[in-house]
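Q: Take this structure, written in structure tokens, and hold onto it; I'll ask about it next.
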Amino acid sequence: RTIIMSTPEKMRAVLLKGFGDISNIYIEETAIQLDDEVLIKVHAFSVNRADTSQRQGKYPPLPGNSDITGPEAADKIVQLGGGAKQFNLKVGDQVMTLICR
């Protein structure tokens with residue numbers, strides 16, 4: 001079965017906007033880049049101890065890392081970018097993501 005979906009222009013992401021209390025965490029729309037990436041629909045994600053420590057300024061991100069938080073998630077693939085098609089993935093696959101920092 002083939003699932004065809006149009007690509008949305010934006011996604012919602014949980015962003016860390018500085019150190020301090022929980023008021024520095026925002027949910028914002030951000031542009032989608034698909035060249036070498038997989039677009040996923042997130043069903044659940046975590047905010048763990050490292051995320052909390054990073055927000056408090058005790059665990060700084062590596063240079064060049066995104067301010068998007070919530071590195072572990074349960075997802076479903078909704079679209080594959082051209083460079084991601086080399087992997088044995090297809091639209092509709094259920095996946096788990098883990099972004100190592």
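Since every read-out is calculated from the coordinates, none of them should be taken as a lab result. The structure displayed is predicted, hence computed values, not measured ones. Ideal geometry is used to build each Cβ from the backbone, glycine not excepted, and the neighbour counts take in all protein chains shown.
Q: At VAL42 and GLN94, where each label point lies 7 Å from the Cα along Cα→Cβ, what is the point-to-point distance in nanometres?
A: 1.9 nm
Q: When a/c is below 1.5 the answer is rounded, else prolate if a/b is larger than b/c, else oblate, so apply that to the range 10-98 with a ≥ b ≥ c taken from the square roots of the Cα gyration tensor eigenvalues.
A: prolate
Q: Among the listed pairs LYS41/LYS85; LYS10/LYS85; LYS58/LYS85, give every one whose C-alpha distance is greater than 27 Å.
A: LYS58/LYS85
Q: Within the range 19-40, what residues put their amide N at less than 12 Å from the label point 7 Å along the Cα-to-Cβ vector of THR52?
A: Under cut-off, by backbone N: 22.
Q: Report the relative contact order of the range 10-98, percent, no decimals, based on alpha-carbon pairs under 8 angstrom and at least 6 residues apart.
A: 32 percent
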